[in-house]
Structure formats: C-alpha cells, structure tokens
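Structure, as structure tokens:
The values are calculated or read from the model by the stated rules, or taken from the named source; none is laboratory data. What you are looking at is a predicted structure, and each value in this text was computed from that prediction instead of being measured. Virtual Cβ from ideal backbone geometry, glycine too; neighbours counted across all protein chains shown. In case anyone asks, the SASA skips ligands and DNA or RNA and just uses the protein heavy atoms, side chains included. Shrake-Rupley method; radii C 1.70, N 1.55, O 1.52, S 1.80 Å.
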Protein chains: 2
Amino acid sequence: MGRVSDAKARLMDAVLELLWTGSYGSTTIDHICERAGVKKGSFYYFFNSKADVAVAALDAAFQANRVELDAIFSSSVPPLERIRKYCEFGYAIQVEMKAKFGYVLGCPLFTLGAEICTQEQAVGAKISEILEYKARYFETAIRDGHAAGVFHAPDAAAKSRVVRAYIEGLLTQARIQNDLEILREMAEGVFNMLGVKSAEIPA
Amino acid sequence: MGRVSDAKARLMDAVLELLWTGSYGSTTIDHICERAGVKKGSFYYFFNSKADVAVAALDAAFQANRVELDAIFSSSVPPLERIRKYCEFGYAIQVEMKAKFGYVLGCPLFTLGAEICTQEQAVGAKISEILEYKARYFETAIRDGHAAGVFHAPDAAAKSRVVRAYIEGLLTQARIQNDLEILREMAEGVFNMLGVKSAEIPA
DNA sequence: ATAGTAGTTGACTAACTAGTCGACTATGTT
DNA sequence: AACATAGTCGACTAGTTAGTCAACTACTAT
C-alpha cells in the first residue's frame, strides 16, 4: 500500500495552531510546512491550497470535538448542567491555550469566520456548517429546559441565537483583551439571559 | 505653505474600506494606494506602515463617529431610548454597507481586533481604546436606567459587559452569515437582558 | 520672481509567496 | 526480486509585497 506517513495530519495540526494563534492572513503555506516539518512539495501532494487545508483541518478538529460535545450535551444531563459544563469546558480550553501560547485565543471558528467570510467562500461555508451544528446543542438544551419548567423560553431557536451571540461575543472580547477573567461570568450571564432563578442554578 | 493635497485622507478612507470589507491580512499597501489613487512613494511620505495608517484611520473615524454617539447617548434622552436608537443606527449602517458592498460587514473594530490582537500590538491598543470608550456609553445608559427604576441592574459595569458581548457577537454573526435579519432582534435582546418589562419598551 | 516648503512620482531592490516538477524513497504484494 | 503504490524532496519559476530614493511639481510668503 505504499509508503506510510502522518504528514497530512501534521499539516492539519499545524494550520489549526497557526490559524488560532494568529490569523488566516498571517498563516502562509511556508509557515504551515515549516511548523509541520514537511516540505512544500509534500504539502501540494495532500492539499491544493491554504483554503483546502483549512477546511480539512477544521472538519477533522470538529469531528474529534463532537465526542466531547455529545457527552456534555447528553440528554441524560439536566439542561442547565449541560450549559454549565459547556462553559467550564470552554474556560478550561482557554486557560490551557493561554498557558501554552501566552494569549487567550477565543473561538477559532468565530474569529476566523469573521475574518474570511467575504473572501474565502469554501472556508466560510465549512465554518457556518460547524457553527450551525453547535447551535443545535444549545437549542436542544434550551428546549428541554423550557419543557422541564426550569426557565421560560417558548422560542428555543430565538433564545439559542441570543445565547450563542453572547457566548461568542464574550470569547472574542476575551481574545481582544487577552483576559481570561471575563470568561468566568459566562455561565452566569447565560443563566440570567434564560431568566433562571438563582435557586435553580446547579452548583 | 507648500503643495496642498487630500491624499492622506484618501489613504485613510481607503484603508478603512479595505479593512472593513476584507481583513487586515488581505489589505496590502499596494491595494490601499490603488484604491486611494496615490502612488506608494506618497504613501510612505505620510505613513510608516500598514499598522500606522490603520491606527490613524481608526482614530479619525472614531472621532467623527463620536459626534453621532454623543447625540444618541445624550443624557437628555431616556436610557432605553438611547439603546434603541443605537441599535437602529447600527442597523441602518449595516443595511447601507450591504447595499454598497453586497455583504453585511459587522463591527470593524471587533472583527479587526480579533484578527490582529496577537500580532499587531499598536492596532490592538487603539481598538481596545475605542471599544472601551464606547463601552462607557452603555455603562452610563445602564446606570441611568437602573437609577430611574426602568430596570434592575445594580452592577452597571457588569451588565454593560454582558450587553456589549451580545451586541458585538450578534454583529459578527451577521457578518459571518451575511444576514441582516438577525440584527433586527438586537434591541429586543438587549431589553430582555436588562429585564425590561415589555410595557416600558419605547416604541 | 524666487526661494522655501509640502507633496508627488516612477523606477528600483530585496524578500516573500504560491505553485510546479521530475527524481527519489519507502512500503506492501506477487 | 521486482513492481506498483504512496509519499518525499529540492530546486525551480513567476508574481506579489514592503520599502527606498532622487528627481520632480505645485503652492505661498516675501
């Protein structure tokens, strides 16, 4: 079956790291190759362009991420608990990245999506697809919470949009200000948005 | 007093447009010059770098914008009315940009800030400065609203952060999805966040 | 009118960038 | 062993990018 290699995976890891710590514009194919320890000829053996490797890497990372998201948003977990766990999970990632790179990095999908949406159609479409998928976790949690009477949110889709805007906005603010602290308010902010009475908030 | 010229202003206009419609990474000095109808030699007569012209342009644009913001957030206007007017104003700008460029562009400060904050210190600092200044308009409006008993927000600074995160997040979602419609929920979303009773909402 | 000042220009260099290609190497199959 | 397949590599081209510079032009005050 020919020569074996993990170069493709290394390239995808490298591009993700560069996109997240920097930006699409600051990420060059030369840099990706250098970080992956792969020569450019090999890059073009696997991918056609920067957009191509970005789409592949985002997709692969999301597929891996889904396992954790499915656990966090499992319907066996009470709705508010799902949201609280998601916020904690996200916070832990940001802490890890800040320790590793010196910067709060925020949500790579959101930052990258905002940067390239007017220019790189294919990347934008992949990002939209993933963000939409993630939105459904929230919509379901909110629908379940409403059904359980934990809070009042008859239009779960609309409430989910509001919550997502807040969460993504907060993550991006954290990136711009390079400040982890503001992220600690995330779960509380979401609960307030949902009109959860303090007594109902899971420890 | 030597030769007169509006080339400096044209360059600042051009860079703003390119940054807003595209990104920092996609905006080159050559493109800026081309759009401004100015040769590169002249560019370097006025500015030292892309970061330099960006900072100057953002600052100038914000100074111009402040006049409108001061009117919208005038203390003679009822607090909720200020917020409603701000949302309407922002929506009108997005409509105008979509008509002009074919894309919903969102908040240039937020998009740009998220893109460059790990790389271009000077630009990041200017963006933070402007965003902080804008945040104070909201904080004051929320403090005034609480004092007037229109809603309950004893910690105006914290509530302002939540509201800003939501607004910026929503604007960025609109950019990513190229969708004007979701912006129409903005004022309503903010009012819900503040716990305003529907009866109090200004027409 | 002329001299100083402010702004303009085109032609240049050097570095970087994307993308190509043919020769090469490692692995599994027969 | 030898062959097909999968992957690697270095050297290459061509276009783009940032940045420089000396010569030039327009304006104003005296």
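Summary of the geometry: the range B:71-133 and the range A:118-158, compared by the centres of their Cα atoms, lie 25 Å apart. When the helices of chain A are scored as -39500 (n - 2.57) per DSSP H run of n ≥ 4 and the total is divided over every residue, the value at 222 nm lands at -23000 deg cm²/dmol.
Sorted from nearest, the other copies put their residue B:39 label points 4.4 nm away, the label point being 7 Å from Cα in the direction of Cβ. Other protein chain C-beta atoms within 10 Å of residue C-beta, averaged over A:123-135: 1. Rounded to two decimals, the Cα-based Rg/Rh of the range A:48-96, with Kirkwood Rh, is 1.14. Of B:12, B:1, B:186, the residue with the largest accessible area leads and the full order is B:1, B:12, B:186 (1.4 Å probe). For the protein assembly as shown, a simple Cβ point-charge model (Lys and Arg +1, Asp and Glu -1, everything else neutral) yields a dipole of about 440 debye relative to the Cα centre.
Exposure check, 1.4 Å probe, all protein chains in place: residue B:6 carries approximately 90 Å² of accessible surface.
In order along the range B:95-106, the phi-based Karplus estimate (6.51 cos²θ - 1.76 cosθ + 1.60, θ = phi - 60°) of 3J(HN,Hα) comes to 4, 4, 5, 4, 5, 7, 10, x, 9, 6, 9, x Hz; Gly and Pro are listed as x. Each label was represented as a point 7 Å from its Cα along the Cα-to-Cβ direction; for residue A:3 and residue A:67 these points are 3.0 nm apart.
Suppose R0 equals 22 Å. What FRET efficiency, 1/(1 + (r/R0)^6) with r the Cβ-Cβ distance, do residue A:155 and residue A:184 give to the nearest 0.05? The formula returns an efficiency of 0.15 here.
Evaluated at 4 °C with a viscosity of 1.567 mPa s, what Stokes-Einstein diffusion coefficient in µm²/s does the range A:7-200 have when Rh comes from the Kirkwood expression over alpha-carbon pairs? Value of D from the Cα-based Kirkwood radius: 73 µm²/s.
The phi-based Karplus calculation (6.51 cos²θ - 1.76 cosθ + 1.60; θ = phi - 60°) puts the 3J(HN,Hα) values of the range A:182-187 at 5, 6, 5, 7, 4, 4 Hz, whole numbers, x for Gly and Pro. Ligands, DNA and RNA excluded, the heavy atoms of residue B:129 present near 100 Å² of accessible surface to a 1.4 Å solvent probe. Applying the Karplus relation 6.51 cos²θ - 1.76 cosθ + 1.60 with θ = phi - 60° to the range B:161-175 yields 3J(HN,Hα) values of 4, 4, 5, 5, 4, 5, 4, 5, x, 5, 4, 6, 4, 4, 5 Hz, where x marks Gly and Pro. Sorting the segments A:75-83, B:77-85 by their mean number of nearby beta carbons within 10 angstrom, highest to lowest, gives B:77-85, A:75-83.
Between identical copies, the spacing of residue B:74 label points, each set 7 Å from Cα toward the C-beta atom, reads 5.9 nm from nearest to farthest. Accessible surface comparison of B:45, A:133, B:24, probe 1.4 Å, protein chains only, largest first: the order is B:45, A:133, B:24.
What a 1.4 Å probe finds exposed on chain B is 52% carbon and sulfur by accessible area, rounded to a whole percent. Buried between B and A is an accessible area of approximately 2800 Å², summed over both sides with a 1.4 Å probe. Only lysine pairs 8 or more places apart or on separate chains count here, and in the range A:31-163 those with Cα atoms under 23 Å apart total 9. Take the Cα of residue B:30, step 7 Å toward its Cβ, do the same at residue A:99, and the gap between the two points is 4.5 nm.
With a 10 Å cut-off around each Cβ of B:106-112, the average count of Cβ atoms from other chains is 3. Taking 7 Å along the Cα-to-C-beta vector as the label spot, tell me the residue B:44-residue B:136 distance in nanometres, rounded to one decimal. Going from the residue B:44 label point to the residue B:136 one covers 3.9 nm.
Accessible surface for the protein assembly as shown, divided over its residues, is 47 Å² per residue with a 1.4 Å probe.
Peptide A:16-29 is shielded by partner chain Cβ atoms: per residue, an average of 3 of them sit within 10 Å of its Cβ.
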